[in-house]
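Some notes on the structure that comes next.
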Amino acid sequence: MVKVRIDPPQLTAQQIERFWSYVDKSPGQGPKGECWAWTKARSRHGYGRTRLGPRNNRRAYSAHRLSFFWTYGYWPALYVCHTCDWTPCCNPSHLYEGTQKMNAEDREKRTPYVHGCAKKLTKAQVVEIRALCNSRDVSQRAIAKQYGITQASVSHIGLRKQWEHI
C-alpha cells in the first residue's frame, strides 16, 4: 500500500479563504454539472495544484487533498479519490479516501474501460476520429477539443493503439 505525504500545511484562516477563492462552485461544472472546479494551476494529469507555506519553503499540494482535509478535519494517509472522475473537482462530497485499487474498481463501475482507454467515445465517434485523422484536414489538437479527449488519445486512436478492435 502506497502512503502519500502525511504533513498537512499549517495555514491561517486568510490563506484558507484564499484557497477557496480559487474554487469555482457555480453549477454546470464537470461531467454531471455538480463539480467545483479548481481555477488555478493544474498538474499534467489535470489535478488542481497549489504551492503553500512560508515564502522560502513553499510545497506543492493537490487542491482536492486540501479540500478533503479542510472539510473532513484530517489529513488522508492514502489517496483522495473522486467519485465524479473529474480531476479538477474540489467538491468535498465527491471525494473519498481510498487505495489505487479501490479507485480503479470504483471508476470501472461508472465508466468501463476498453483496452486501456476510457469509454468516453462511441464506436461511431471512433470511426469519425479515424476518418478525420486520415484526411489530415484537421489537427489532432482540434479533433481532441471537439471530442473532449486528449491529443495523445486522438493519435492513439488514429494509429490503432486504442480502440484497435473497431
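The values are calculated or read from the model by the stated rules, or taken from the named source; none is laboratory data. Keep in mind it's a predicted model, so treat the numbers as computed, not measured. All Cβ positions, even for glycine, are placed from backbone atoms using ideal geometry, and neighbour counts span all protein chains on display.
Selection of strands (runs of 3 or more DSSP E) fully inside region 21-108 by the criterion of at least 3 residues being closer than 23 Å to GLN10 by Cβ and either in contact with a Leu (Cβ under 9 Å, 6 or more places away or on another chain) or aromatic (Phe, Trp, Tyr) (or both) returns 59-62. When the test is whether a residue is in contact (Cβ under 8 Å) with a residue 12 or more places away in the chain, surrounded by 12 or more Cβ atoms within 10 Å (Cβ to Cβ) and in contact with a Lys or Arg (Cβ under 6 Å, 6 or more places away or on another chain), TRP36 passes it.
In this structure, does CYS81 turn out to be touching a Cys at 6+ places or on another chain (Cβ under 6 Å), within 20 Å of ARG44 (Cβ to Cβ) and surrounded by 17 or more Cβ atoms within 10 Å (Cβ to Cβ)?
Numbers: touching a Cys at 6+ places or on another chain (Cβ under 6 Å): no; within 20 Å of ARG44 (Cβ to Cβ): yes; surrounded by 17 or more Cβ atoms within 10 Å (Cβ to Cβ): yes.
So CYS81 does not fit the description; no.
Of the residues making up region 44-70, those that are surrounded by fewer than 16 Cβ atoms within 10 Å (Cβ to Cβ), in contact (Cβ under 8 Å) with a residue 24 or more places away in the chain and within 30 Å of LYS120 (Cβ to Cβ) are HIS45, GLY46.
Using the structure shown, decide if PRO54 is within 27 Å of MET102 (Cβ to Cβ) and modelled with pLDDT under 90.
Numbers: within 27 Å of MET102 (Cβ to Cβ): no; modelled with pLDDT under 90: yes.
No: the conditions fail for PRO54.
Scanning region 19-31 for residues that are surrounded by 11 or more Cβ atoms within 10 Å (Cβ to Cβ) and over 16 Å from ALA60 (Cβ atoms), we see that the one that is farthest from the chain's Cα centre (by Cα) is TRP20.
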